[in-house]
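Read-outs: derived from the displayed coordinates by stated rules, not from any lab. From a predicted model like this one, the values you see are computed outputs, not experimental measurements. Because the Cβ atoms are built from the backbone with ideal geometry, glycine has one as well, and the counts that use them run over all protein chains shown.
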Amino acid sequence: RSQMRTAFSINLETLQNLRNVLQDLGERVSIASYIDNILREHLREHQELLNNAAAKQRRKTTITL
């Protein structure tokens, strides 16, 4: 996995909910890693749908995981 990072904004309520989940589960992972894992799983799960929708606009694969 690439270690390149970037900053982004997130709704404070959403951030607190994610922190609560990590705390309640006793997870020892950073909030950034947790969010990255959620996003990667979402993209993996919906890869075909997203690629098909993008194919209507472009003629290349949008996501390859």
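Divide by every residue of the chain the summed helix terms, -39500 (n - 2.57) for each DSSP H run of at least 4, and state the resulting mean residue ellipticity at 222 nm, rounded to the nearest 500 deg cm²/dmol.
Numbers: 3 runs with 38 residues, N = 65.
After summing the helix terms and dividing by the residues of the chain, the value is -18500 deg cm²/dmol.
Would you kindly give the portion of the calculated P(r) for the chain that falls above 18 Å, as a percent of all Cα pairs? Show your work: numbers first, answer last.
On the way: 1089 of 2080 pairs.
Result: 52 percent of Cα pairs exceed 18 Å.
Taking the Cα centre as origin and putting +1 on Lys and Arg beta-carbons and -1 on Asp and Glu beta-carbons, what dipole magnitude results for the chain, to the nearest 20 debye? Write down the numbers at each step before the final one.
On the way: 10 positive and 7 negative charges, 105 e Å.
Using Cβ point charges on Lys, Arg, Asp and Glu, the chain gives about 500 debye.
From the phi angles alone, apply the Karplus equation (6.51, -1.76, 1.60; θ = phi - 60°) to segment 3-16 and give each ³J(HN,Hα) in whole Hz, x where the residue is Gly or Pro.
9, 5, 10, 8, 9, 8, 9, 9, 4, 4, 5, 4, 4, 5
Which of the listed residues, ILE38, ILE63, LEU18, is farthest toward the dipole's positive end in the chain, when Lys, Arg count +1 and Asp, Glu count -1 at the beta-carbon?
Going by the Cα projections, it comes out as ILE63.
Restrict the search to the chain; then list the GluC sites (Glu not before Pro) that DSSP places in a loop and that have at most 15 other Cβ atoms within 10 Å of their Cβ.
Working: sites: GLU13, GLU27, GLU41, GLU45, GLU48; in loops: GLU27.
Passing both the DSSP loop test and the Cβ count: GLU27.
Given labels modelled 7 Å from the Cα in the Cβ direction, how far is it in nm from PHE8 to ASN51?
Here the modelled spin labels are 2.1 nm apart.
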